[in-house]
Each structure stands twice: as C-alpha cells, then as structure tokens.
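Data first, discussion second: the structure below is written as structure tokens.
The values are calculated or read from the model by the stated rules, or taken from the named source; none is laboratory data. Not measured: the values here are computed from a predicted model. We place every Cβ from the backbone using ideal geometry, glycine too, and count neighbours over all the protein chains shown.
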Amino acid sequence: MPSLLEINHLHKRFGSTIALDGVSLSVNAGEIHAVLGENGAGKSTLMNILYGLLQPEGGEMRLAGKLFRPASPADAIRAGIGMIHQHFMLVPDFTVMENFLLGNPRFGLRGAALQQAQTEVLELCRRLSIDISISRPASSRKHPWLGLRQILRMKKKSRGDKNNEAPRSSQHAGFSLNSKIADLSVGQRQRVEIVKTLLRQCRLLILDEPTAVLAPQEVEELFALLQRLREEGYATIFISHKIHEVQAVSDRITVLRNGKVSGAFNTAEASIEMIRRAITPVRQAQGKSPSSVPAAAQTKIVLRAQRLRARGNLGHLALDGLSFELRASEILGVAGVDGNGQAELAEVLLGLRQLEDGKIYFEDQDIDQQISRFGKLTASRFGKLTASRFGKLTASQKRFVAGFAHIPGDRQQMGLFPELTIAQNAAALAYRAPDFNKHGWLQPAKLREYCQTIVNTFDVRVSNLDLPVTTLSGGNQQKLIVGRELARRPKVLIAVNPTRGVDLSATAKIHQEILAARAQGAGVLLISTELSEIYALSDRIAVLFKGRFAGIFPPEISAEEIGALMLGEASE
C-alpha cells in the first residue's frame with residue numbers, strides 16, 4: 001500500500017537542545033500509526049512540524065507523493081491534516097452545530113446551504129456510528145447561526161466560569177446538534193472535535209494523547225470510533241505513552257527516544273517488553289515498598305468524613321451519604337468510573353465545594369473549628385500581620401495552611417498559573433511562609449533556593465527557572481506540581497489522577513514521591529481512574545459508585561471484583 005505520509009530524516013533544534021535527530025516514518029491510508037515515547041522524546045515537536053506550527057531545519061515530508069512543508073496550521077488544514085489536542089478547541093457557549101460551522105468556509109450560514117451542512121454532518125456521524133440528532137433548540141431562535149451571531153456580541157466570560165467545566169457522566173447517550181458544548185461530557189466533546197476536523201476534508205488525523213482526559217468507558221468508545229475511521233480509509237497518528245492502549249488500537253508503532261527513532265514495529269508482532277525497551281533502556285526504579293512504613297492501622301486518624309452529601313455543577317446529587325476514615329501513613333485508593341462523585345469528593349474535602357449535609361473531621365475535630373483554632377495559633381506565633389492575612393483566606397486556602405496538599409486532576413486549569421514562570425509556580429504556596437516573608441517583605445534569594453530544591457529533588461527537567469511554565473513538557477509540569485505540594489510535608493494529600501497524561505519515567509517518579517510522603521506520615525487519598533495505579537500504591541481500596549462507597553477493601557481484592565463494583569453489579 002502506498003504511503004499517504006512520508007517523513008524523511010527530519011531535524012529540529014532549540015538552541016543547544018536537539019529535539020529531532022533524523023526522524024523518519026511513514027503513515028498509510030486506513031491505518032492507525034502510534035507514536036510512543038517519554039515526555040521530551042520529540043513527539044510534540046514532530047507533530048507540530050507536521051501541523052505547520054514549527055519549521056524543520058533539515059529533512060523533508062511528502063503527502064500523497066508531493067513535497068509537503070506547511071508554513072502554518074492553515075496550510076496543513078488545506079492539505080487535509082487535522083490535529084486534536086488534549087485541550088479541545090471548542091467554544092463552550094456555542095452549540096454543536098455552531099462549532100461545526102465556525103471557521104469552515106465550505107458551509108453556508110442560511111437556508112438551503114445550512115440545511116446541506118446539517119445533512120453532511122448527520123451523514124458523516126451515521127457512517128461513524130456517532131449518536132447525534134437534530135432536536136428543537138431550547139430557545140425560540142429559528143436556526144443555530146442566529147444564536148451564534150448573538151453570542152459573538154456577548155462579553156467574554158471569566159476564566160473561572162464553572163460552565164466551562166465538562167460534566168462527567170457514566171451515561172453516554174447521544175446528543176443533539178443544538179446541545180451546548182458546555183453541557184456535553186468530555187468524551188462527547190472529543191467526538192465533536194473529531195467530526196469538526198473531518199468536516200474540513202481531513203484525510204490524516206493526529207490525536208495528541210487522546211485518552212489523557214477520558215474516563216475508562218470513554219476510552220473504549222474512542223477506540224471503537226478509531227476503528228470505524230480506519231474502515232472509512234482515514235489515516236490516524238495516535239500519540240501516546242500507554243503501551244497497553246497502543247497495542248489495543250494501532251496497526252504500527254514508532255518509538256521516539258531523545259529525538260531519534262528507537263524502534264519501529266508491526267503491533268501484532270511487538271511484545272510489551274520489546275516496546276518498553278525501545279522507550280527506555282534503563283529499568284525504572286520502583287517506589288518504596290508499602291511494607292517499609294508502619295501499618296496504617298497503628299497510626300492516628302487524620303481525616304474522617306461522615307455522611308457527606310453534596311451536589312454537582314448541574315444540581316444532581318454527586319455525594320450521597322459518603323463516609324470514610326484516612327489514617328496517617330496510609331494511602332486510601334478510590335477507584336471508580338469517572339463521573340461518580342470523584343471531583344466533588346476532592347472539592348468538598350478541599351473546601352472548594354459546599355456540603356449539603358455531613359461532617360468532615362481533621363485530626364479528630366470538626367475541620368472548620370480545627371482550622372479556626374489553627375488560625376489563632378498562627379496569629380500568636382507569627383504576629384498580627386500573619387493573623388490578619390489568615391483571616392482573609394478562603395476555606396480552601398486555610399486548609400492548605402493547616403497541612404492539606406492537592407495534586408489536581410487537571411494541571412492546566414487547577415494546578416498551574418500559565419502566565420507565570422517556573423519559579424513563580426514552584427513558590428506559589430510559599431509566599432506567606434515565615435521563612436520567605438518577613439513582616440510583608442519577601443526574601444527572593446531564599447525563595448529561589450527553595451524553588452531550585454524542588455526542581456532538583458523532583459527531577460523537573462528545566463534549563464532556566466525564569467522560563468514560562470508552559471515551556472515544560474506535561475510530565476515536567478506534573479512533577480513541578482507534585483514537588484510544590486509535597487515539599488511542605490503535608491498531613492493530608494489529596495491526589496486526583498496524579499499521573500494522567502505523563503510518561504513512564506514521570507509516572508515512576510511521581511509514584512515514588514507519593515510513597516515517600518506516606519512514609520513521612522501523610523495520609524493520602526488517591527483518587528484515580530487507573531486501576532493499575534490504585535493497586536500499585538494503595539493500602540486499602542474504596543470503590544466509588546453513584547456518590548457512595550460500594551465498599552472499602554484490602555489491596556488483595558481482584559480486579560474483576562473491583563470492576564463489578566465500579567459498574568454497580570455487586571455489593572459489599
């Protein structure tokens with residue numbers, strides 16, 4: 001079969017750093033070609049060149065036999081290249097159809113032209129088995145584009161608008177062309193993004209870590225869609241670091257390491273060990289054994305939740321009488337299909353969401369009373385200025401001062417300040433600490449030394465602390481967040497999907513540091529959709545289903561039992 005895309009000996013350098021060093025690969029029509037590699041291996045650089053965001057310094061690309069050198073994403077789109085990023089390029093306040101129309105010169109906006117566009121959309125979705133329909137709009141407008149014009153006149157909403165958050169649901173029914181993007185699940189948004197890209201007459205689709213933001217059942221739906229795209233003759237480049245996913249969905253695999261091709265395989269002939277050796281030749285060090293610290297049953301309870309009830313963003317009951325205890329030097333893993341109350345549980349414990357009912361106890365006292373008492377101790381120890389500042393903090397900020405730490409599930413939205421530098425992000429929780437703040441005067445030399453210690457200790461690979469944090473790869477951004485949170489020696493760590501979207505090396509390092517925090521006495525609530533992560537780290541495993549724990553079990557419980565509980569098919 002002739003190649004749709006041929007990449008020959010591409011080179012790219014950033015200063016003294018060699019990003020691509022003679023990379024070559026080919027992609028056929030009707031093929032899913034996986035590109036694997038650790039963060040910093042060159043995957044993103046290669047795809048950005050293919051999509052016209054970067055220019056190579058050597059080598060060539062050919063698309064359908066013709067020399068291909070896009071100067072911009074517009075060039076790539078016109079040539080039939082489409083790219084789906086981890087963070088979707090959709091307008092939350094627009095409808096599905098409005099997003100399809102936006103920026104697509106092929107579609108008219110009125111009358112017969114609009115009807116033709118709808119017909120094309122529905123036909124494409126039918127061929128791909130995407131359950132989408134036309135329903136009557138919630139408003140009285142005559143057709144979607146009138147609403148788009150109205151929305152274009154509206155002021156931009158603030159970045160903190162909760163409507164921009166995708167609702168999670170274990171139910172994945174179809175949706176309408178008139179549904180707002182803000183009302184769709186993450187998996188549905190991704191399908192909209194894929195259809196939007198295909199409607200621009202795309203023939204080669206690039207998916208950048210497409211499963212990083214998906215719940216397990218959404219991953220299965222994505223893989224089924226990719227199989228249908230293959231049957232329709234589309235070529236797909238699937239960028240990932242998850243070997244088992246690549247084996248499940250791809251036809252061929254190219255592995256990058258340090259900017260070079262370190263392995264190329266037919267998926268059916270490649271073992272996990274072969275692929276792993278190509279990704280990293282050095283076996284990753286494992287974290288400290290759970291048996292190396294005192295048994296959690298012998299330690300004090302640091303966090304207790306009693307009959308927690310809370311509602312989600314859409315008004316539904318997200319937590320329904322949930323109770324548990326967390327001890328010092330313990331990791332309590334929370335397994336479950338995303339959308340069963342995981343986000344709301346973390347937010348309630350962190351003071352980011354209001355309880356409808358129930359109590360939270362921190363070190364055997366009501367958490368709000370305990371934090372108020374801590375504030376008085378802080379005031380007497382650090383003086384009036386610190387007391388004044390403490391009184392102005394939010395409930396969440398007071399928890400952090402009292403000894404809570406949080407590794408968020410979405411590092412871009414909740415973990416980082418993208419407009420700030422690496423150093424400023426590393427020091428974000430240290431500005432009020434007495435070691436770095438003397439009566440309102442910051443101590444910049446000490447702060448910088450503190451940031452450098454975080455970078456060194458947690459293996460954040462960076463050449464300059466003053467670079468924007470957005471220049472770091474996803475894995476290094478995540479290690480920076482983990483380092484910032486754990487450097488304070490927290491009493492309670494709430495970690496939500498702490499290794500989502502990072503490579504094997506970064507995953508091993510993050511796991512090692514979470515186990516180290518446990519060994520130092522922290523109580524860790526590990527909320528993860530990765531069962532392998534739950535099993536690797538947990539002393540006990542809780543299964544969350546419809547806002548309640550279906551049970552809390554020893555780590556010896558089988559994956560089959562966990563899976564049944566996650567789907568509500570078994571009881572404690």
One residue from Leu229, Leu198, Leu222, Leu207 being farther than 19 Å from Asn28 by Cβ and at pLDDT 85 or above: Leu222
Residue match in the range 87-97 (condition: among the hydrophobic types (A, V, I, L, M, F, W, C), under 18 Å from Asn48 (Cβ atoms) and in contact (Cβ under 8 Å) with a residue 12 or more places away in the chain): yes
Wholly enclosed strands (runs of 3 or more DSSP E) of the range 459-557 bearing at least 2 residues over 21 Å from the mean Cα position of the chain (by Cα): 540-545, 548-553
Test: Ser532 is surrounded by fewer than 22 Cβ atoms within 10 Å (Cβ to Cβ) and within 18 Å of Gly409 (Cβ to Cβ): yes
Any hit, the range 90-108, residues being over 27 Å from the mean Cα position of the chain (by Cα) and part of a helix (DSSP H, G or I): yes
Of all residues making up the range 465-509, the number that are of a type in the set (S, T, N, Q) and under 17 Å from Ala428 (Cα atoms): 4
Count of the range 233-265 residues which are at pLDDT below 90 and closer than 25 Å to Arg127 by Cα: 1
So Glu38, is it crowded, with 22+ Cβ neighbours inside 10 Å and not in a helix (DSSP H, G or I): yes
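Yes/no matrix, rows are residues, columns are (1) under 19 Å from Arg257 (Cα atoms); (2) hydroxyl-bearing (Ser, Thr, Tyr); (3) assigned to a helix (DSSP H, G or I):
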{"site": "Pro210", "(1), (2), (3)": "no, no, no"}
{"site": "Leu214", "(1), (2), (3)": "no, no, no"}
{"site": "Glu218", "(1), (2), (3)": "no, no, yes"}
{"site": "Ala224", "(1), (2), (3)": "no, no, yes"}
{"site": "Gln227", "(1), (2), (3)": "no, no, yes"}
{"site": "Arg230", "(1), (2), (3)": "no, no, yes"}
{"site": "Gly233", "(1), (2), (3)": "no, no, no"}
{"site": "Ile237", "(1), (2), (3)": "yes, no, no"}
{"site": "Val246", "(1), (2), (3)": "yes, no, yes"}
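Rundown of residues vs (1) in contact (Cβ under 8 Å) with a residue 40 or more places away in the chain; (2) surrounded by fewer than 17 Cβ atoms within 10 Å (Cβ to Cβ); (3) touching a helix residue (DSSP H, G or I) at 6+ places or on another chain (Cβ under 9 Å), yes/no style:
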position: Arg518; (1), (2), (3): yes, no, yes
position: Gly523; (1), (2), (3): yes, no, yes
position: Ala550; (1), (2), (3): no, no, yes
position: Glu556; (1), (2), (3): no, yes, no
position: Gly563; (1), (2), (3): no, yes, yes
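Could you check the range 324-346 and list, in sequence order, the residues that are of a type in the set (S, T, N, Q), outside any helix (DSSP H, G or I) and more than 22 Å from Glu556 (Cα to Cα)? Talk me through it step by step, then tell me what you get.
If we filter the range 324-346 for residues that are of a type in the set (S, T, N, Q), which is where we start, we get 329, 340, 342.
Those still in the list that are outside any helix (DSSP H, G or I) too: 329, 340.
Within the range 324-346, Asn340 is the sole residue that qualifies.
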Members of the range 21-42 that are among the small types (Gly, Ala, Ser), modelled with pLDDT of 95 or more and over 18 Å from Leu207 (Cβ atoms): Gly22, Ser24
Per-region count, the range 287-327, residues out of contact with any strand residue (DSSP E or B) (no Cβ under 9 Å at 6 or more places or on another chain) and modelled with pLDDT of 95 or more: 0
Residue within the range 184-194 that is surrounded by fewer than 20 Cβ atoms within 10 Å (Cβ to Cβ), at pLDDT below 95, in a helix (DSSP H, G or I) and hydrophobic (A, V, I, L, M, F, W, C) present: yes
